[in-house]
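Pasting a structure below so you can have a look.
The values are calculated or read from the model by the stated rules, or taken from the named source; none is laboratory data. Note that the coordinates shown come from a computational prediction; the quantities given were computed from them, not determined experimentally. Cβ coordinates were reconstructed from backbone atoms using ideal geometry, including for glycine residues, and neighbour counts include every protein chain displayed.
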Amino acid sequence: MKLLIIKTSSLGDVVHMLPALTDAAAVIPGLHADWVVEEGFAAIPGLHPAVERVIPVAIRRWRRALGRAATWREMVAFRRALQAESYDLVLDSQCLLKSALLAVQARGPRAGLDAASAREPLASHFYGQRYAAARDLHAILRNRVLTAQALGYALKVDAPVHYGVSVVAAERASEVVCLHGTARVEKEYPEGDWGVLAQLLVAAGLTPVFPAGNAREADRAARLVAACSGARRLPTMPLAELMPLIGGARAVVGVDTGLMHLAAAFGRPGIGLYPATDPIRFGAVAEAGAPILLNISNRVDLEPKRVAAGLFKLLGLTT
């Protein structure tokens, strides 16, 4: 079977689709998938063994440069790549208008969520096959439920999660990657608390490592590292370069951000910090049999000393 997955963004949403593909590949012999994804996240789908071809799209960048001839040439090249093959099913698991408009350009029957389930109900009108998946489910389970219905196999609600991906990474036994950046300010962990946590990690013989995805995050990382001897700041780098650093880390501590979900996919132990979002719906989910990922949202438990104590317990450290 030849499947086209349309899940373009964001980073966390792309990661959340991986277990559904693992499910499908396990029950459908010879399943081969192509995947349409935003260019900035194109490194992720190709990690999955069922993905044959990654088709990058650049909607975010194209929107800002519609007056350039090069943009239109890229759009034509994308359409040509999208239509290079016919598919047994085109599965739009994003179910937004922008993704539905990509789906209609592909060659094959289209499936997605029904109007009651889709984030943008109008998108459902572009699908020949429409399925329900409750909005209050965790995103991983919503993807698994949709994919199972669209491909015609049964899914147990409590079926274990398997992302099906790994990354080649050198082990960094002392490094704890601290994922402090997120797109929404209300989801941030206070900078002062990060500073206290970094000091506690260093005192325990660990190295807090602060990546940065933009100038604001880079400035914050610089301040945190300047205030904590023993902490390290990573330069801004492409996702493909950051992945092995996360995959090889001793542990990860992070806010509700796509990189935290990627750490879960790579089987890293750690703690997710959720001061503003519900971890039941949005928390990082550890793969079955992988080290523990603990998600916390209680204000008291979010205090740096408690976060550090929880991490040390997960890692078997005594301080």
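I'm trying to understand the selection: among the residues of the range 246-274, which are aromatic (F, W, Y) and either under 15 Å from E287 (Cα atoms) or touching a Cys at 6+ places or on another chain (Cβ under 9 Å) (or both)?
F266
If you don't mind, another one. Could you run through the range 83-120 and say how many residues are more than 23 Å from the chain's Cα centre (by Cα) and of a type outside the set (F, W, Y)?
Count: 16.
Exactly one of these conditions fails for V176: (1) modelled with pLDDT of 95 or more; (2) in a loop (DSSP other than H, G, I, E, B); (3) not assigned by TED's automatic domain parsing to the domain that holds V14. Give me its number.
(2)
While we're looking at this one, here's another question. Does I6 satisfy the condition of being in contact (Cβ under 8 Å) with a residue 60 or more places away in the chain and farther than 23 Å from V285 by Cα?
Considered against the rule, which asks whether it is in contact (Cβ under 8 Å) with a residue 60 or more places away in the chain and farther than 23 Å from V285 by Cα, I6 comes out as no.
Could you list, ordered by first residue, the pairs with Cβ atoms under 6 Å in which the first is in the range 62-88 and over 14 Å from W35 (Cα atoms) and the second is of a type in the set (V, I, T), at least 6 apart or interchain?
W62/T71; A65/T71
Follow-up question, since we're still on this one. Can you name every residue in the range 292-319 that is surrounded by fewer than 14 Cβ atoms within 10 Å (Cβ to Cβ) and touching a residue at least 24 places away in the same chain (Cβ under 8 Å)?
R299, K305, T319
Name the one entry in A288, A251 that is under 21 Å from H162 (Cα atoms), among the aliphatic types (A, V, I, L, M) and modelled with pLDDT of 95 or more.
Sole residue among the options that is under 21 Å from H162 (Cα atoms), among the aliphatic types (A, V, I, L, M) and modelled with pLDDT of 95 or more: A251.
Please count how many residues of the range 130-164 are outside any loop (DSSP other than H, G, I, E, B), within 28 Å of L47 (Cβ to Cβ) and in contact with a helix residue (DSSP H, G or I) (Cβ under 7 Å, 6 or more places away or on another chain).
Selection size over the range 130-164: 8.
Checking L262 against (1) surrounded by 18 or more Cβ atoms within 10 Å (Cβ to Cβ); (2) on the phi < 0 side of the Ramachandran plot; (3) in contact with a strand residue (DSSP E or B) (Cβ under 8 Å, 6 or more places away or on another chain), only one condition comes out false. Which one?
Going through the list (1) surrounded by 18 or more Cβ atoms within 10 Å (Cβ to Cβ); (2) on the phi < 0 side of the Ramachandran plot; (3) in contact with a strand residue (DSSP E or B) (Cβ under 8 Å, 6 or more places away or on another chain), L262 breaks only (3).
Can you name every residue in the range 170-186 that is surrounded by fewer than 18 Cβ atoms within 10 Å (Cβ to Cβ) and hydrophobic (A, V, I, L, M, F, W, C)?
A170, A173, A183, V185
Given the conditions (1) surrounded by fewer than 17 Cβ atoms within 10 Å (Cβ to Cβ); (2) outside any helix (DSSP H, G or I), which single one is not true for A212?
The number of the failed condition is (1).
Quick grid of which residues meet (1) more than 18 Å from V15 (Cα to Cα); (2) exposed (fewer than 13 other Cβ atoms within 10 Å of the Cβ):
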residue	(1), (2)
I140	no, no
R144	no, no
T147	no, no
Y153	yes, no
V157	yes, yes
V168	no, yes
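Would you mind finding the one in G164, G152, G181 that is of a type in the set (G, A, S) and without any contact (Cβ under 8 Å) to a residue 40 or more places away in the chain?
G152
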